[in-house]
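Remarks on the structure that follows.
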Amino acid sequence: MAVYHQRDVLQNLLSQQKERGRTIGLVPTMGALHEGHLSLVAQSARENDITVVSIFVNPTQFDNKDDLQKYPRSLEEDTRKLYAENPNVLIFAPEVEDVYSDTVRSDHFDFDGLEFQMEGKFRKGHFDGVGTIVKRLFEIVKPDNAYFGEKDYQQLLIVKTMVEKHHIPVQIHGCPIKREENGLAMSSRNKRLPEQLRREAGFIFEVLQQARENFKIQTPEAVKEVIVQRFEEHPEFKLEYVEIADTNTLEPALHKEKDKKYRAFIAVYADEVRLIDNIALN
Ligand code: PAF
């Protein structure tokens with residue numbers, strides 16, 4: 001398996017392959033790979049001749065220095081996992097300077113208001129950081145297809161919007177959330193959870209499933225209230241926000257409208273670890 005640290009070397013190889021008509025799939029990651037990532041890699045490998053997995057902990061999308069510092073990094077283990085999944089995958093693991101030259105700063109984006117909802121309210125500058133790195137990765141790899149997990153649903157919509165607005169010729173694919181046995185959405189951050197708490201964190205998905213049931217007969221406001229109450233009964237999980245929002249615009253749902261699709265979104269602190277999850281409600 002080839003690991004590329006320098007973008008020029010990777011670009012040379014990819015442009016030769018493109019000339020031969022080969023298609024390229026990109027799976028952008030920050031490493032600490034889990035089965036969720038591997039499912040994206042498997043889909044890309046099925047749908048493209050070449051799959052590139054980028055592994056880069058992007059400093060500009062962290063609003064919290066401590067979170068950036070503690071973000072798990074495990075390139076060797078990641079390489080082993082990818083090799084076991086598919087020995088033909090190419091890994092792109094650049095250094096910060098290779099991506100950002102000498103100014104490690106985000107560009108500013110307009111994502112049609114998606115950036116002001118939920119994660120955007122609680123993580124200042126986060127989506128400018130995501131937009132910056134994803135756009136640069138697209139410029140470097142020039143993929144035909146790129147794969148993102150639905151756990152970061154807001155990120156997925158933001159990337160789709162960026163691609164449209166900047167006329168970037170790549171097809172964006174959203175892939176279903178992978179869950180641990182107890183229902184906890186897979187995330188690189190789960191590694192940081194104490195074992196007991198990780199076991200109990202199935203509670204988050206349980207509450208989301210209950211919300212989906214309640215949504216059949218309750219107003220969005222009432223559904224949110226039940227979620228808030230359930231978290232009050234479980235103080236080991238601190239609810240940062242819960243929102244019920246339109247699946248396309250992410251505008252909070254004040255009431256249910258026929259023909260519209262909604263999702264419930266949640267951000268929770270377990271210990272110091274921030275977890276997010278979401279579920280389709282109808
Ligand atoms: O979802 C992630 O892991 C990151 O936000 C991404 C898309 C790799 C950009 O750094």
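Scan segment 48-58 for residues that are among the polar types (S, T, N, Q), in a loop (DSSP other than H, G, I, E, B) and within 14 Å of the ligand (Cβ to nearest atom) and the total you get is 1. For segment 219-233, the criterion of being at negative phi, assigned to a loop (DSSP other than H, G, I, E, B) and in contact with a helix residue (DSSP H, G or I) (Cβ under 8 Å, 6 or more places away or on another chain) is met by no residue. Residue by residue through segment 251-282, note down the ones that are among the aliphatic types (A, V, I, L, M), assigned to a loop (DSSP other than H, G, I, E, B) and more than 18 Å from Arg212 (Cβ to Cβ). Leu254, the sole residue that qualifies. Restrict the check to segment 6-20 and report whether at least one residue is within 16 Å of the ligand (Cβ to nearest atom), modelled with pLDDT of 95 or more and not aromatic (Phe, Trp, Tyr). No, segment 6-20 has no match at all. Just wondering, is there one or more residues in segment 210-231 that are loosely packed, with under 15 Cβ neighbours inside 10 Å and under 22 Å from the mean Cα position of the chain (by Cα)? Within segment 210-231 (the criterion being loosely packed, with under 15 Cβ neighbours inside 10 Å and under 22 Å from the mean Cα position of the chain (by Cα)), the answer is no, since none of the residues qualifies. Among the candidates Ala45, Ala32, the residue that is among the small types (Gly, Ala, Ser) and part of a helix (DSSP H, G or I) is uniquely Ala45. So, of the residues in segment 76-103 that are surrounded by fewer than 14 Cβ atoms within 10 Å (Cβ to Cβ) and hydrophobic (A, V, I, L, M, F, W, C), which turns out to be nearest to Asp128 (Cα to Cα)? By that ranking, first place goes to Val96.
Let's see how each residue does on (1) closer than 15 Å to Ile276 by Cβ; (2) basic (Lys, Arg); (3) surrounded by fewer than 20 Cβ atoms within 10 Å (Cβ to Cβ):
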position: Glu139; (1), (2), (3): no, no, yes
position: Asp152; (1), (2), (3): yes, no, yes
position: Leu157; (1), (2), (3): yes, no, no
position: Gly183; (1), (2), (3): yes, no, yes
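Tell me whether segment 28-42 contains one or more residues that are without any contact (Cβ under 8 Å) to a residue 24 or more places away in the chain and charged (D, E, K, R). Within segment 28-42, none of the residues are without any contact (Cβ under 8 Å) to a residue 24 or more places away in the chain and charged (D, E, K, R). Looking at Ala253, is it free of Cβ contacts under 8 Å to residues at least 40 places away in the same chain and more than 24 Å from Glu150 (Cβ to Cβ)? So Ala253 does not fit the description; no.
The values are calculated or read from the model by the stated rules, or taken from the named source; none is laboratory data. Fair warning: this is a prediction, and the values are worked out from it, not measured in the lab. No Cβ is skipped: glycine too gets one built from the backbone with ideal geometry, and neighbour counts run over all protein chains shown.
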